[in-house]
Structure formats: structure tokens, C-alpha cells
Amino acid sequence: MRRFLSAGLAFVLIAGAGGLWLTRPVKSDPVSFAGLTGDASRGERIFWAGGCASCHATPEATGEARLVLCGGERLSTDFGTFVVPNISPDPDHGIGGWSVADLDSALRHGTSPEGQHYYPSFPYTSYAHAEPQDVADLKAFLDMLPPSDREDEPHELSFPYDQRIILGGWKLLAGGPSWIVEGDLSPEEERGRYLVEGLGHCGECHTPRNALGLRDTGRWLAGGPNPEGRGTIPNITPAKLDWSEGDIAEYLSSGFTPDYDSAGGQMADVVRNTGQLTDEDRQAIAAYLKKVPPVE
């Protein structure tokens, strides 16, 4: 009996150790960024594509104030309230002391420089597609922005969601970066896929989620409840969005619909970002959206 119990305990310990290893925080290898030089002018394009200001600038900020990434916005969800951090180049209160590898760890792996899991209120499941050069360029641009000494506030989460260790299991269920729309895509459509599925993280809001907060990729971009609990996010698959590619590109530039309505709510903020992109990038997004499988 004692031998049986000892064997059972050993199995539990081994299984537990294996689980912790599988769900450990993953960090990027600094060696892979040793030869990269960031281009701040190109990084600005990545900044707007990624929508960084939408969350990290002060709510309601306009103009140059949107470049002060002091954080503080509160995101209310079913899991609790997440408070957006300061990512300005302040070395003490922001990310001024981060390396490019640190930023890559956060964007692609959801891991802090200290080796902790980030909560997926930060859309690293989409940013996981980011190319290393784009990360280096983004870091170069972020380093040029105004610093802020605003201190971060803790998230307001109840048990068990306040236990970061469980996020490793969530990441395991979410899986690694893989493209949703595959097949024979043109270079323009591939660029659009990179912007929509990756940097633009459109699926974080436009795709419904299950009870664990995982995206239902079988209903990609089919809309659903607003993750923050206010209203619904529309279906932007071809089943519901019957605009032409030109209509979509124009909307992403000016915010005006084919019916002369205008973007409102959260989408107005998105258009402030996409309006900073090139015509080619907006056209690529439109071309990609036409390739998305329609979902009624």
C-alpha cells in the first residue's frame, strides 16, 4: 500500500512539474535581435496599425496627446477590470528600460521582462504574428515619444482570475500563432491578413468568444457581444458586410460609410488609427476581408 501511495505521489509530482513546464512564461531570445536596427519612421506605421494609442493613451485624448502613452484606461470585462499600463519611454514608470527582445516577449508571447504572464486583455494572441523587424521598428518609434511618470495601477480581479499562473494554461489552450484564412492569397491579400489577423488584432473584438475567453475561430469576424459588455460588435464577414473593396478602404480612411453615415463609438477610434496608414495598407485590408469565409 505504501509503495502504491509513493508511486501515486511521484506521478502527481511529475505530472505537475510537466504541466508547469508546458505552461511556463516564454521569453524571446535577445540573440535573434542582435543584428536588427529599428527604423522609427517605419515604426510609426506599425504603431498606428497596432492601435497602441487606442488603449494606452489617456481616454478621450486627441492630437499630439494621443502620443503620450501613460495608460490608465479601465477595461471592464466578465473576468474583472483591467487597468492599461504606462508604455511611454519613461525608464521608471514606462518601458524606456526595455530591450527590443523585451518588447517582442510582450507582443508575441505575452510575457513581461520579469518573466510573468500578461493577461490577454493585451492582445498578444494577435500580435504573435508580428515580424521581428516590425517589433524593432516599433520600439524605435516608441522611444521617441513623450515620457510619462504616471504609475501603473493594479488590475481589479477576484479569485481565481487574479492568479497569473493559470494564464499559462489559457495560453496553451489558445495555441500558437496560425493564420485563420489560408489558401491561395495574393501578396496584397497576404499583407491584409497580416494587418487584420496580426497587428490590427481585428478578431479580438469582431470574433465571438467562449466561456474561457478564447476566440471561436470557426466564426472568424462574425461579430458578437462587446468584450467590455456594452452592446455588440458587428459581423464583418462577406455574409453581412456587402461593401466593395473601395467602400471598405474609404471607410478605414475617412470613417464614412457608403450610405454617408460615419463611424461611431470604438470604431471611430479605430478609424483614427487606420486613417494614418497608407492607401496600399487600407486596400490590402479590404482585399483580405473579401477573402474571409462568410458567416451568417
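Inspect all residues belonging to region 211-223 and state whether any of them is in a strand (DSSP E or B) and farther than 25 Å from residue 47 by Cβ. No, that holds for no residue. For the structure I just gave you, tell me whether residue 85 is crowded, with 21+ Cβ neighbours inside 10 Å and closer than 18 Å to residue 146 by Cβ. So residue 85 fits the description; yes. Could you tell me whether region 83-104 includes any residue that is assigned to a helix (DSSP H, G or I), under 26 Å from residue 207 (Cβ atoms) and either modelled with pLDDT of 95 or more or not assigned by TED's automatic domain parsing to the domain that holds residue 214 (or both)? Within region 83-104, one or more residues are assigned to a helix (DSSP H, G or I), under 26 Å from residue 207 (Cβ atoms) and either modelled with pLDDT of 95 or more or not assigned by TED's automatic domain parsing to the domain that holds residue 214 (or both). Looking only at region 254-266, which residues are under 26 Å from the mean Cα position of the chain (by Cα) and either surrounded by fewer than 17 Cβ atoms within 10 Å (Cβ to Cβ) or in contact (Cβ under 8 Å) with a residue 60 or more places away in the chain (or both)? Residues satisfying the conditions are 254, 256, 257, 262, 264, 265, 266. Which members of region 154-206 meet the condition of being of a type in the set (Asp, Glu) and in contact with a Gly (Cβ under 8 Å, 6 or more places away or on another chain)? Once the filter is applied, which keeps residues that are of a type in the set (Asp, Glu) and in contact with a Gly (Cβ under 8 Å, 6 or more places away or on another chain), region 154-206 yields 156, 162, 197.
With respect to the conditions (1) touching a Leu at 6+ places or on another chain (Cβ under 9 Å); (2) closer than 26 Å to residue 194 by Cβ; (3) in contact (Cβ under 8 Å) with a residue 40 or more places away in the chain, residue 107 falls short on a single one, namely (3).
So which of 124, 118 ends up being surrounded by 16 or more Cβ atoms within 10 Å (Cβ to Cβ) and free of Cβ contacts under 8 Å to residues at least 40 places away in the same chain?
Only one candidate passes the filter, namely 124.
Taking the criterion of being on the phi > 0 side of the Ramachandran plot and surrounded by 16 or more Cβ atoms within 10 Å (Cβ to Cβ), would at least one residue in region 43-56 satisfy it? The answer is yes; a qualifying residue exists.
Report yes if residue 111 is among the β-branched types (Val, Ile, Thr), under 17 Å from the mean Cα position of the chain (by Cα) and modelled with pLDDT under 95, otherwise no. Walk me through it before giving the result.
Numbers: among the β-branched types (Val, Ile, Thr): yes; under 17 Å from the mean Cα position of the chain (by Cα): yes; modelled with pLDDT under 95: no.
Criteria not met by residue 111.
Of all residues in region 128-170, those being in contact with a Lys or Arg (Cβ under 6 Å, 6 or more places away or on another chain) and exposed (fewer than 14 other Cβ atoms within 10 Å of the Cβ) number 0.
Restricting 138, 145 to residues that are at pLDDT 95 or above, of a type outside the set (D, E, K, R) and not in a helix (DSSP H, G or I) narrows the list to 145.
The values are calculated or read from the model by the stated rules, or taken from the named source; none is laboratory data. What you see is a predicted model, and the numbers here were worked out from it, not measured in a lab. Because the Cβ atoms are built from the backbone with ideal geometry, glycine has one as well, and the counts that use them run over all protein chains shown.
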